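Visitor: Take this structure first; my questions come after.
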Amino acid sequence: MATSCKNYDFREIEPFWQKKWLEEKTFRAENESPMEKYYVLDMFPYPSGAGLHIGHPEGYTASDILARYKWANGFNVLHPMGWDAFGLPAEQHAIATGQHPSINTENNIRRFREQIQSLGFAIDWDREVDTTDPHYFRWTQWIFLQLFKHGLAYVDDKPVWWCPELRSVLANEEVINGRSERGDFPVERKNLRQWVLRITRYADRLLGGLEGIDWPDSTKRQQIAWIGRSEGTELDFEIVPDGPKICVYTTRPDTIYGATFLVLAPEHELVERVTAVENREKVRAYVADTKRKSDLERTDLAKEKSGVFTGSFAKNPYNGELIPIWVADYVLVSYGTGAIMAVPAHDDRDFEFAKKFDIPVKQVIADPKNELPLPFCGEGRLINSGEFDGLPAAEARKKITQKAEREGFGRVAVKYKLRDWLFSRQRYWGEPVPILWIERAHYDRALAAKNAYFMGKIPDDVVSYGKGGTEWCAIPVAEAQLPLTLPETDTYLPSDDGESPLVRAKRWLNIFVNLSTGEISGEAAENFVPAVRESNTMPQWAGSCWYYLRYMSPDCGESLVDPAAEAYWKSPDFYIGGAEHAVLHLLYARFWHLFLYDVGAISGAEEPFRRLYHQGIILGSDGTKMSKSRGNVVNPDDVICRYGADSLRLYEMFLGPLNAMKPWSTQGIEGVYRFLKKVWALCIDGDGNVKKFPEEDGVGVETLLHQTVKKVTEEIEALQLNTAIAQMMIFVNGAQKMGISRSTVRIFLQLLAPFAPHIAEELWARLGGAFSVAKASWPAYDASKFAANQAKIILQVNGRVRDEILVDGDASQEAVEKIAWQRSRFMAFVSGKEIIKKIYVPGKIFNVVVR
RNA sequence: GCCCAGGUGGCGGAAUGGUAGACGCUGAGGACUUAAAAUCCUUUGUCUGAAAAGACGUGCGGGUUCGAGUCCCGCCCUGGGCACCA
């Protein structure tokens, strides 16, 4: 029932127990249980070719400690693992080798699984999921179809960067001065049809939901900032003499009397219309110039403001003043209304612009401190503002907006920074979007006939786009045809014109569909109309948006999650992963979860992650980020080989606070390794036999034990695992000196088990404990055992420590004073002085203030 | 620029407003050993001192308090996030 090694031979012990846990399915979670459930979730890894990184075991060990602790406390624990396996590196490997990315992915997963298993985590391996498995992504595609049906997925022509040389779409960050970062090739703007998800419709709920969940403040703040809700006012400005109205958005309507010009974003739809004939050339040139710039260049704060006058004027609806209309790229078309009223006296950017182009600056808010110069962006009372003079700014905002509403030229408005989620990628290694494109005429005819298979599965507003004079309409792939798998292609490169590699698979791409049944045919046939498959794939975020639901019933064939399982597990009780996902993954997943909840696909919880924690980053021993080029990378396999998984686990937890950034130390791990050897030596003699333990604990051991149980229990709950380990070290050091009984050792092994499960399981078995120590019920402590019957009182004079005395635990101030007055060391600082005050903190401090 | 977190020995770090430096690493000395490894013991913030002891000490400058690493005000530095969002 255990190994027979004489010394602490982790190379024999660890594989032995890992095999046993796997074979016995020790950590299998049941979907029905009389025990209370506890769901511990790790952010699942991307199985990269580099293998497990030393940072992975940090979060995994912390969650494993919590999982094992919960098992010991009688919970039915779900602690699963899986693979976020779609993504660019596998695709690039495929492009380079010509080998299908699934092969590389499979190899990487096998390696990751072995490495993770070699760390002895209490994982239910029967629930493993893989986002690239068709049985899994079938449901990712199904979710997309629900989004589509509910009008939350649409197509849009979005400008993207395209590099003909690299034959690749580039992200904004990859374009520098109109050339590609990699290779320095020219790039061009290209409008490409993209799928977009209407996450903005959930902006308010994504914001509101943050209030009730236990997340790190910084992460909540990041999401709040990302959603960027702002309340303000929309105001309509008439263009003189008789042009259209321009609607601007402002959060400072109180400064309306200080507006000395109006600015349109270069892409604003009214730019052409408001431009006077004589300014047309200049304006067009400016707009064209802007188009060429990358977002990075445009938003570079260091650059000077630029812009051009349109030649037209707008009328301030409050005072009738005519102000010039400019076009400038510091106004973004995608926020607010794409147009602003510029108040240089009270806005830094407008001020900068006005200075450069010699536009008047008119102060309308008095600076209470009278600290000129302008601009002054704070709060104050209004001046030069007609009927509103003298009002405090906040009140003026209300009054001014009310007037606009009354007179019909303005309204309260709420705006968000959050944009809809660009959901398509022109890549091979992702989930195919399960959509077919058919011609408008076929679409309309099928709808009119009312026997179209897609009735009730399409949005109220048709999703379509025009190409070559034809309007193509989106219909879903029939559910029965899911999963829609990736076709074989001869290369995984994008096509010559920036489309997905999937367009190369012509026989897959161009098909015929029966609009009554949804059947697909490769050949033209009666009742079949031509259709083109969507060739874009989903971004890597898709699979990770709902994997925590799949773990509940990974084999369920009827739905994405078995309703009974979902009703039982609801949502993870604890979620741990890196802070780098603070916005993207954690926002997207919340969006999908809310949506699935709304459409009744799930029912357990509205928020997916009620308690979230970020582990910190482990740096190289030189205090910088680990990287190959710096040569400071620590490989977990090497560490396990040299010290064992228990030492690695323990050390990563002992390094410092779980959420802190901390450097690895090669020498530091020796300390925890020594600790484990001491634990071994506490139980096993030099011949490999269980030691003869004394019948009774040594004096003081009982107190120490109960203190240790209390401390370790409380610190696990608080995830202060470094100090929990420190307490266990204190215990072992004490036990070594004082002598310890068999039953006390066994209690200690239970405390150690979540941290160093292999050695704990081994010693537990050798000491006659029943398998598994992880399931033995967690020890309780008795506070009365360490209520000190003696207390050490610190004697202070004027707050400075001068002496210490031992008294009865419940000693009164009088008793303490009586002893204190006898102490010469203490009295040396007191005698001859006037005692002004005496402070007694029972059991701790007696402080005398003298003069 | 704005928002947030954090600055404690040679190092990682510990401290409900109550003995600053737990625990571990490193260094020094010692025991065991033919020797080494392993293990065990002592010691390890700075300064003064033979010692007893004292002074100083938690980024800097003030403040509150009997008492501040901890609370308040003003700075400096490091890390993270956002960044022309009107």
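The values are calculated or read from the model by the stated rules, or taken from the named source; none is laboratory data. Note that the structure is a prediction, hence the values are computed from the model and not measured. For neighbour counting, all protein chains shown are included, and Cβ atoms are generated from backbone atoms with ideal geometry for every residue, glycine included. Just so you know, the surface numbers come from the protein's heavy atoms only, side chains and all, with ligands and any DNA or RNA stripped out. Shrake-Rupley method; radii C 1.70, N 1.55, O 1.52, S 1.80 Å.
Visitor: Taking R0 as 60 Å, what FRET efficiency do you get between A:LYS305 and A:MET35 from their Cβ-Cβ distance, rounded to the nearest 0.05?
Guide: On the way: r = 65 Å, r/R0 = 1.08.
Plugging the Cβ-Cβ distance into 1/(1 + (r/R0)^6) gives 0.40.
Visitor: What lysines could a cross-link reach from A:LYS149, if we take a straight Cα to Cα line under 16 Å and drop same-chain neighbours fewer than 8 places away?
Guide: Excluding near neighbours in sequence, the set is A:LYS457.
Visitor: Let me check I've understood the local charge: for A:THR666, count other residues with C-beta under 11 angstrom from its C-beta, Lys and Arg +1, Asp and Glu -1. What total comes out? Mind dumping the intermediate values first?
Guide: Details: positive: A:ARG642; negative: A:ASP638, A:GLU670.
Overall, the nearby charge balance is -1.
Visitor: On the accessible surface of chain A, probed at 1.4 Å, how many percent belong to carbon and sulfur atoms? Please list the in-between numbers first.
Guide: Details: 18750 of 37900 Å².
About 49 percent, which is the carbon plus sulfur part of the accessible surface.
Visitor: Please label the shape of the range A:227-359 as rounded, prolate or oblate, based on the square roots a ≥ b ≥ c of the eigenvalues of the alpha-carbon gyration tensor (a/c under 1.5 means rounded; beyond that, a/b larger than b/c means prolate, else oblate). Show your work: numbers first, answer last.
Guide: Details: a/c = 1.45, a/b = 1.09, b/c = 1.32.
Rounded shape, in that the Cα axes give a/c under 1.5.
Visitor: Sticking with this structure for a sec: Would you please calculate the Kirkwood hydrodynamic radius of the range A:1-158 over all C-alpha pairs and express it in Å, rounded to one decimal?
Guide: Values: mean 1/r = 0.0547 Å⁻¹.
Result for the range A:1-158 stands at 18.3 Å.
Visitor: Starting from the coordinates of the alpha-carbon atoms of the range A:53-101, obtain the Kirkwood hydrodynamic radius over all distinct pairs and give the value in Å to one decimal.
Guide: That comes to 13.7 Å for the range A:53-101.
Visitor: A further question follows. Taking a cut-off of 17 Å between Cα atoms, list the lysines near A:LYS291, but don't count ones fewer than 8 places away on the same chain.
Guide: Cα-Cα hits under 17 Å: A:LYS158, A:LYS190, A:LYS282, A:LYS303, A:LYS305.
Visitor: What is the distance, in nm, between label points placed 7 Å from the Cα along the Cα-to-Cβ direction at A:ALA366 and at A:GLN720?
Guide: So the two model labels end up 5.3 nm from each other.
Visitor: Report ³J(HN,Hα) in whole Hz for each residue of the range A:82-96, in order, from the Karplus equation J = 6.51 cos²θ - 1.76 cosθ + 1.60 where θ = phi - 60°; Gly and Pro get x.
Guide: So the Karplus estimates, Gly and Pro as x, are x, 10, 8, 9, 6, x, 5, x, 5, 5, 5, 4, 5, 4, 6 Hz.
Visitor: Compute, for A:TRP764, the solvent-accessible surface of its heavy atoms (probe 1.4 Å) with the complete set of protein chains present, and express it in square angstrom to the nearest 10.
Guide: Counting only protein heavy atoms, A:TRP764 exposes about 20 Å² to solvent.
Visitor: On average, how much accessible surface per residue is there in chain A, in Å², for a 1.4 Å probe, leaving out ligands, DNA and RNA? Walk me through the intermediate numbers first.
Guide: Numbers: 37900 Å² over 851 residues.
Spelled out: the 1.4 Å probe surface of chain A, per residue, equals 45 Å².
Visitor: If you place +1 on the Cβ of every Lys and Arg, -1 on the Cβ of every Asp and Glu, and leave all else neutral, what size is the dipole of the range A:244-345 about its Cα centre, to the nearest 20 Debye?
Guide: Details: 13 positive and 13 negative charges, 23 e Å.
The dipole magnitude comes to about 120 debye.
Visitor: Say R0 is 22 Å: what FRET efficiency, to the nearest 0.05, do A:ALA449 and A:THR470 get from their beta-carbon distance? Walk me through the intermediate numbers first.
Guide: On the way: r = 21 Å, r/R0 = 0.95.
For R0 = 22 Å, the calculated efficiency reads 0.60.
Visitor: Please list the non-local residues whose amide H lies under 5 Å from the amide H of A:ILE684, H modeled 1.01 Å from N, same-chain partners needing a gap of 5 or more.
Guide: Result for A:ILE684 returns A:LYS691.
Visitor: Next question. Hey, what did chain A get for relative contact order, percent, Cα under 8 Å, at least 6 apart?
Guide: Values: 1568 pairs, mean separation 122.9, N = 851.
Result for chain A is 14 percent.
Visitor: Right, next: Taking the Cα centroid of the range A:359-398 and of the range A:606-675, what is the distance between the two, rounded to the nearest whole Å?
Guide: Cα centroid to Cα centroid, the span is 55 Å.
Visitor: Check cross-link reach from A:LYS570 to the lysines: straight Cα distance under 16 Å, and skip same-chain residues fewer than eight apart.
Guide: Of all the lysines, those that pass the test against A:LYS570 - Cα under 16 Å, at least 8 places apart if same chain - are A:LYS37.
Visitor: Let a ≥ b ≥ c be the square roots of the eigenvalues of the Cα gyration tensor of the range A:628-717; is it rounded (a/c under 1.5), or, if not, prolate (a/b larger than b/c) or oblate? Mind dumping the intermediate values first?
Guide: Values: a/c = 3.63, a/b = 1.57, b/c = 2.31.
Verdict is oblate for the range A:628-717.
Visitor: Continuing with this model, one more query. Using a basic spin-label model with each label point 7 Å from the Cα along Cα→Cβ, how many nm lie between A:LYS457 and A:ASP638?
Guide: Here the answer is 5.4 nm between the modelled labels.
Visitor: Okay, moving on. When only DSSP loop residues count, what GluC sites (Glu not before Pro) in the range A:361-436 have their Cβ near at most 15 other Cβ atoms within 10 Å?
Guide: Working: sites: A:GLU371, A:GLU379, A:GLU387, A:GLU395, A:GLU405, A:GLU407; in loops: A:GLU371, A:GLU379.
Filter output for the range A:361-436: A:GLU371, A:GLU379.
Visitor: Expressed in nm to one decimal, what extension gain is obtained for the pair A:ARG611 and A:GLU558 from 0.36 nm per residue of sequence separation less their Cα-Cα distance? Write out the running numbers ahead of the final one.
Guide: Values: separation 53, 0.36 × 53 = 19.08 nm, distance 2.95 nm.
Stretched fully, the A:ARG611-A:GLU558 segment lengthens by 16.1 nm.
Visitor: Quote to one decimal, in nm, the extra length available between A:SER603 and A:GLU272 on full extension: 0.36 nm per residue of separation minus the C-alpha distance between them. Don't skip to the end; give the middle numbers.
Guide: Values: separation 331, 0.36 × 331 = 119.16 nm, distance 5.09 nm.
Answer, rounded to one decimal: 114.1 nm.
Visitor: To continue, here is another question. Taking the Cα-to-Cβ direction at A:ILE383 and at A:ASP184 and moving 7 Å from each Cα, how far apart do the two end points lie in nm?
Guide: With each label placed 7 Å out from Cα toward Cβ, I get 5.5 nm.
Visitor: As I understand it, the dipole of chain A uses +1 on the Cβ of Lys and Arg and -1 on the Cβ of Asp and Glu, about the Cα centre. Which of A:THR517, A:ALA393, A:ILE199 lies farthest toward its positive end?
Guide: Value: A:ALA393.
Visitor: Right, another one. Given bins 20 angstrom wide, list per bin the percent of all Cα-Cα distances in chain A, short to long.
Guide: 12, 33, 31, 19, 5, 0
Visitor: While we're looking at this one, here's another question. So what is the relative contact order for the range A:467-601, in percent, with contacts set as C-alpha pairs under 8 Å and at least six apart? Numbers along the way, then the final one.
Guide: On the way: 111 pairs, mean separation 19.8, N = 135.
About 15 percent, as a whole number.
Visitor: What number comes out for the charge environment of A:LEU749, summing +1 per Lys or Arg and -1 per Asp or Glu over other residues with Cβ under 11 Å away?
Guide: +1
Visitor: As an exercise, use a Förster radius of 45 Å and the Cβ-Cβ distance of A:ARG193 and A:GLU519 to find the FRET efficiency, rounded to the nearest 0.05. Don't jump to the answer; show the numbers that get you there.
Guide: Values: r = 26 Å, r/R0 = 0.58.
Efficiency at R0 = 45 Å is approximately 0.95.
Visitor: Next question. Could you give the length gained on full extension between A:MET827 and A:LYS25, defined as 0.36 nm per residue of separation minus the Cα-Cα distance, in nm?
Guide: On the way: separation 802, 0.36 × 802 = 288.72 nm, distance 6.77 nm.
Length difference between fully extended and current span is 281.9 nm.
Visitor: Consider just the alpha-carbon atoms of the range A:633-789 and return their Rg together with their Dmax, both in angstrom.
Guide: 15.7, 51
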